[in-house]
Each structure stands twice: as C-alpha cells, then as structure tokens.
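Have a look at the structure below, then the notes.
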Amino acid sequence: MMKLAWLNLQRNPSRALLTILSVFIAAFFSIIFGSVKNGILNSSTESILKLSGGDIEIRSKSYSTSRFIDDIMQIDSAMLDSISRLQYVKRVLPVLQSYLLISHSSSTSTKAVSIIGIDPESEKDRILTVTEMVEGHWFSKYDKGVIVGENMREELGLKVGDTLAVMGMGYHGAGAVGLIPIQGVARIPVAAVDKNTMFMTLSAAQELFQAEDCYSEIYIISERLDKVDLIKSQIKKIFPSDEYEIRDWKSLIEDFLFYFRLADAFGFIIMLFLYILVGSNILGTIILTSKERKLEFSVLISVGMSRNKLSKSLFYELMIVALLGVILAVIVTLPIVYFFTIHPIPLFGEDIATLKQFSIYSGIYMSLDFTLFIKQFLIVIGMCLAFAAYPISFIQHLKVDEGLSKRDANEDNL
Amino acid sequence: MDKLKDNDKSIIVRTEELSKSFLNGQSIIKATDRINLTIASGEFTAVVGPSGSGKTTLLNLIGGLTKPSSGKVFVKGTDINQLKDKELVNFRLHNIGFVFQLLNLIPVLTVEENIGFVMELQGADKEQRIARTAELLELIGMKDRAGSRPSTLSGGQKQRVAVARALASKPLFILADEPTANLDTEAAETLLNTMLLLNEKEKITFLFSTHDPRVMNKARRLITLEDGRITKDERYVR
C-alpha cells in the first residue's frame, strides 16, 4: 500500500507538488508567525526583567511590608552558597537597600534618596546593560563611593569627586552617618530611579548601615526562565515560607504579563485565522484531487480492492505529502528563524532609539525554540490527519457504478 | 430463453426479476426491467442493444457494483446483494473479473504488476504471482511488454492486459463493458481473438456488452436489450 501511495504521488507530480505546497505554506507561516510571537514576548519579558531585580526575589516578610531596615534579612555566606549551588541558578545577587538623607554644599536642601548596595562584580554586566555610565567609573570591589543618577546630579548640582554628607538609620538602632564621595554618574532608564537612587558597593553599604551579613533582598538569575518554578520550590526548602517572601518574575511583572497574555491571545486568534486559511487551502486541494480520481477509485474497488485498503493507500499518500510539506517548511524556516533570532528586524523612531540606548526590546525578534517547531509540525500534521477524514469518507461512500459510468450525477438510485 | 434449472451445476449467474430504476428529476428511468437470465460456465455472451438500453446497468448489477431496485442476482448460488459491502468486495475479488471501457489499469504499475495486483489483493505469495503473471502474459501474447507502463501501450494492448488482470484471480466469469469501444478495427479484432482463445482453450466465461457488430458476430450468445428488457436471447454455433 505504501509503495502504491508513493508511486501514485510520482504519477502526477504537479498534483503532489500542489498539495505539498499547500502544507508547506501552512507550516511555513505558522512557524514564522509563532516564532515572531514568541520572540516578541520573550524579548519584552527579558527587557522588563532587565529593569527588575531578577527572576526570583527573596526578602523577609516583615521587610516586604515595612521596608524598615530592622526587618532586613541576616544571612550567612553558607546559606547564600547553598542557593548558588541549586540547579539552573546562574547568579545570586544579594542587595542591601535603604534610605538616607543626603546633603551637598552646592545645595541648601537635603534630599531623601534610596541607596542600593550591590556586588559590583556580579551586578556590573546586568546593570550596565540598562544603565550607561556618563561620567566617572564603575565600582571596584572595595570602593566606598557612590554612583548617582544623571537627574540627581542636575538637581543637586553634583560633580564626580564631590562629597555627600549622608545621614540615616542603621541596622538595629545604629546610625548611618558619613561622608561619601561621588565616583560616577549614570544614566538610568527609569526617570524616578535616575532622580532618587544612588548605588554603592554592598560591602560599603553594609558598613554604612552597620549591617554585616544583612541583605534587604536576594535576587536570583536563572539559567532558564522555564526552570524558575523548580528553583523556587528548592529555595522554599531553604527559606521557610512563614518568614520569607519568595516571588518569581511572573508575580513581579504581573501587570506586564496581563498585557502579554492579551497579546498572546490576539496572537492565538491570528494563528487560528492562519490555520483556517491554510487549512482550507489544503482541504480544497484534497477535495479536488479526491473528486478527480473518482473513476480510478471505482475501478480499484470493482476489481476487488477493499475500501479500507484503498483508504489506507490514500491516507499514506496524504501523510507522505504532509510530512514532505512540513519537513520542507522546517528546513526552510530554520535558517530564517535562526537569522532573525540573532538579527532582529529593526524598528525605527525616536522612542525606539531611547529603548535601543538601553538595550531594551527595540525590534521584531524571532524565537528559535525547537518546541515551537515541534508544536507547529504536530499542528499541521494533525490538521492533515483530520483532513484525511474527507478522502476516507469519500471512498467509503463512493458509489462505484456512478464512478464508473458517465451517467448523469443528478440521477438518484432507486 | 434458457431453460436451465436452478440446480444445474454449470449455471454460474442467475438473475430473478432484476430491475433497476433511477430517478431523474420527476421522472423514473427503468434501466433494467424484470430481467430473468442465466449464464452457464464457458459461455461467450454479448449483451447488445442501443445506447441507453441498460447494457452497462445489467453488467453492473451482475457484478454487484449496483444494488438492484428489486429482484435478485445469484452468482454460483450466492445472492450477492445479501452480502455486506466488505463481503461483496471480497466476493468480487475471488469470483468476478472486470474489464472496463476506460482506465482499466493502474498507471503507476507495470504490466506485470497490474496483472499481479489482484493476486496480491487475494493474498497470493510472490512466487505464485510471478508464475501466474508469466502464464497470462504468454496467453495474451505480451510477454515482451511485462515491464512496460500502461502509458506506453496502445489501447488494444491495454485492454488485453486488462483481460489478463481480470483472469489473474481465476474468476468464475469475466464481465467486460464495451471492451472494444475505444479500439480501432485491428486492435478490436486482436482483443476479441484473445478473448475467444481464452474462452475456447481455458473455458473462461465472458459476459460483455457491446454495440459493435464485429464483436456481435463473434459471440456465441446474443442477449438483446431494449428499454431495459430482454427482447431476444439467441445462441449461435460459430
């Protein structure tokens, strides 16, 4: 049967090519569109995650509500190491964040700012991807100075090398008072942060707030976003849930996710239309070729080929064509998707230029996700399987005498 | 009319009040009307009559390709219309050979594959198929074209291969609907001679429809149909 199916396809190459082309178009567009949809969603998610802390955040429950320095976590290095050793954990970024009053000789006013103590080595790449140093230099491990935002510099008339007088509350009643040099100015993409936030090294912040081994948050960067749930479940074993709040990126960017889901739903509707469009094209070709071969089927049934065997042969024909079409589409789309994954289709405009400056989503990306290829492969094959019902039903209900004769099709048997 | 009795072992086909009507709009067309007929083993019978007289319908009814509106068809005592579709296909495969006017052969298969196809459907093993195919190719005089595709054959050659294919399953009889309709004189003559040879030497029973006088002249029994009814049933010694 398989041989007959294969030979039948060779017999009428144009007919076979027509069907293969229909399947190819279906698979091609569904892979490309699916890849663009996923690419945009992924790049948008990544962009937002760049601006947020990490894929997972750990903080104490009390600090989460109070934001009071006494409620921060005191964690020894062994505990941090145990997180680093978890599977799929790429980096662990402990942070100490609090608030201070700052004052500078060039300004008569005192300003309340947020100060974030970070590990300069681990955070360098991540922060400098979205933040641009406009003056001064990035931290080395034992620097004691601060990096301020460009807007804050304008507001207070600061210069690199100036000293800020700072005063605030330290850990467990200690004072956080000191004179801190400005060692750099950065352009931070979020205006509110740019105006009200300073960065310093984690060790300097712990010293300032007298909070050794203390962290307000621990950010965790995963190797794979799809493994975040797994990491989270492992972290929960280390950090008891009644004391610590462990949030993943989904809950951190919940609002964005809502829009993503909305976009995803729209994408699904467009895909559905695409499937209907290309599906009807495939079905049309199948119907046409089935009707064309009515006489041939009738002869085969007459000479003793069972309808089931004939259906099987036709099913094989369709599956060969479907597989060829889909495999061809995968072969053709693979390099296209690969290319546009690395080289996104650029978008232009003023807003895009700003986004681009901070390496935030600024083009149409594709996603080289093999599950997408498999998914689209299965969908198109599934469609063809469903459409195979037509020729099978056609054969099962074929009136052989009508197929053989030139009798008027409008005549009904009595 | 035949006076053969039901229990005559030589009878392979018997019809009883066989009628088939079609509805065309408001009017009913009687393609065959209460036909009673028997075909005995070894006969070389032509069903003749003008176009639209019901020749093809009668052959289709006997071959189980059309369900009668009323009446019965017995093939070797089996009421073929009592068989389920699957059983009927299987019954045809083992008992009836067909030669059609058009598109008899599977275009993608060679001559020998076409002949072997029905045997393959019957489940015959490869050796049996090869032996029988060679024998049939010899009979129709086309041994040298065993590996050819149907598209390279003339109309007459295609019909001879179709006859060989019909014979391959060793059927009780062969039904041929206007087998010479699309053939020139020489090809028609050759095909008829082949059929006659098979009938005489191999005792193959042929029942075929025709309106070709050359074919009629070779038949040993002529059944004439007019408006779906048998008007004449004559036997000849040739």
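Can A:ASP248 be described as over 30 Å from A:THR163 (Cα atoms) and surrounded by 18 or more Cβ atoms within 10 Å (Cβ to Cβ)?
Yes; evaluated as a whole, the condition is true for this residue.
Would you list the helices (runs of 4 or more DSSP H) that sit entirely within the range A:218-313 and hold 3 or more residues that are of a type in the set (A, V, I, L, M, F, W, C), within 14 Å of another protein chain (Cβ to nearest Cβ) and over 29 Å from A:ALA78 (Cβ atoms)?
Values: elements: A:228-238, A:249-252, A:254-292, A:294-302.
Per the criteria, A:294-302.
B:GLY147 fulfils the conditions (1) part of a helix (DSSP H, G or I); (2) over 19 Å from the mean Cα position of the chain (by Cα); (3) over 21 Å from A:MET2 (Cβ atoms) except for a single criterion, (1).
Does A:SER84 satisfy the criteria of being more than 25 Å from A:SER222 (Cα to Cα), in the same structural domain as A:ILE188 (by TED's automatic domain parsing) and among the small types (Gly, Ala, Ser)? No; evaluated as a whole, the condition is false for this residue.
Run down B:ILE174, B:ILE96 and say which single residue is within 12 Å of chain A (Cβ to nearest Cβ) and in contact with a helix residue (DSSP H, G or I) (Cβ under 6 Å, 6 or more places away or on another chain).
On the way: B:ILE96 fails: in contact with a helix residue (DSSP H, G or I) (Cβ under 6 Å, 6 or more places away or on another chain).
The conditions single out B:ILE174.
Annotation for the range A:71-87: no member residue is within 30 Å of A:GLY279 (Cα to Cα) and of a type in the set (A, V, I, L, M).
Which of the following residues is within 14 Å of chain A (Cβ to nearest Cβ), touching a residue at least 24 places away in the same chain (Cβ under 8 Å) and of a type outside the set (Ser, Thr, Tyr): B:GLY116, B:GLY147?
Working: B:GLY147 fails: within 14 Å of chain A (Cβ to nearest Cβ).
So the residue among B:GLY116, B:GLY147 that is within 14 Å of chain A (Cβ to nearest Cβ), touching a residue at least 24 places away in the same chain (Cβ under 8 Å) and of a type outside the set (Ser, Thr, Tyr) is B:GLY116.
Once the range B:89-108 is narrowed to residues that are surrounded by 19 or more Cβ atoms within 10 Å (Cβ to Cβ) and over 14 Å from the mean Cα position of the chain (by Cα), the residue that is modelled with the lowest pLDDT is B:VAL108.
Suppose the filter is away from every other protein chain (no Cβ under 14 Å) and either hydroxyl-bearing (Ser, Thr, Tyr) or closer than 30 Å to A:VAL400 by Cα (or both); does A:MET319 pass it? Before the answer, list the steps.
Details: away from every other protein chain (no Cβ under 14 Å): yes; either hydroxyl-bearing (Ser, Thr, Tyr) or closer than 30 Å to A:VAL400 by Cα (or both): yes.
Here the answer is yes, as A:MET319 does meet what is asked.
So is B:ALA134 away from chain A (no Cβ under 13 Å) and assigned to a helix (DSSP H, G or I) or not? When the stated conditions are applied, B:ALA134 passes them.
Pairs needed: first member in the range A:224-247, assigned by TED's automatic domain parsing to the domain that holds A:SER64; second member anywhere, in a helix (DSSP H, G or I) and charged (D, E, K, R); C-beta distance under 8 Å; at least 6 residues apart or different chains. Every condition considered, the pairs that remain are A:VAL228/A:LYS250; A:ASP242/A:LYS61; A:GLU243/A:LYS61; A:TYR244/A:LYS61; A:GLU245/A:LYS61; A:ILE246/A:LYS232; A:ILE246/A:LYS236.
Taking into account only those residues within the range A:150-172 that are touching a residue at least 60 places away in the same chain (Cβ under 8 Å) and in a helix (DSSP H, G or I), which is surrounded by the fewest Cβ atoms within 10 Å (Cβ to Cβ)? Talk me through it step by step, then tell me what you get.
Initially, the range A:150-172 is screened for residues touching a residue at least 60 places away in the same chain (Cβ under 8 Å), giving A:164-172.
So of that shortlist, the ones also in a helix (DSSP H, G or I) come out as A:171-172.
Details: A:TYR171: 19, A:HIS172: 13.
Among them, the one singled out is A:HIS172.
Number of residues in the range A:198-220 that are touching a strand residue (DSSP E or B) at 6+ places or on another chain (Cβ under 7 Å), surrounded by fewer than 21 Cβ atoms within 10 Å (Cβ to Cβ) and closer than 13 Å to A:ILE118 by Cβ: the value is 1.
Which of the residues spanning the range B:119-155 are basic (Lys, Arg) and either touching a Ser or Thr at 6+ places or on another chain (Cβ under 7 Å) or crowded, with 17+ Cβ neighbours inside 10 Å (or both)? Outline the logic, then answer.
First, pick out the residues of the range B:119-155 that are basic (Lys, Arg): B:126, B:129, B:132, B:143, B:145, B:149.
Hits for the range B:119-155 are B:ARG129, B:ARG132, B:ARG145, B:ARG149.
In the set (1) of a type in the set (S, T, N, Q); (2) within 16 Å of B:ASP212 (Cβ to Cβ); (3) within 14 Å of chain A (Cβ to nearest Cβ); (4) not in a loop (DSSP other than H, G, I, E, B), the condition left unmet by B:ASN182 is number (4). Tallying residues that are surrounded by fewer than 18 Cβ atoms within 10 Å (Cβ to Cβ) and free of Cβ contacts under 8 Å to residues at least 40 places away in the same chain within the range A:113-148 yields 6. Looking only at residues of the range B:78-88 that are within 12 Å of another protein chain (Cβ to nearest Cβ) and not basic (Lys, Arg), we find that the one that is surrounded by the most Cβ atoms within 10 Å (Cβ to Cβ) is B:LEU88. The conditions of being touching a residue at least 24 places away in the same chain (Cβ under 8 Å), within 20 Å of B:PRO179 (Cβ to Cβ) and part of a helix (DSSP H, G or I) are not met by B:ASN104.
The values are calculated or read from the model by the stated rules, or taken from the named source; none is laboratory data. Quick caveat, the model's predicted, so the values are computed rather than measured. Every residue, glycine as well, gets a Cβ built from its backbone with ideal geometry; the counts of neighbours run over all protein chains shown.
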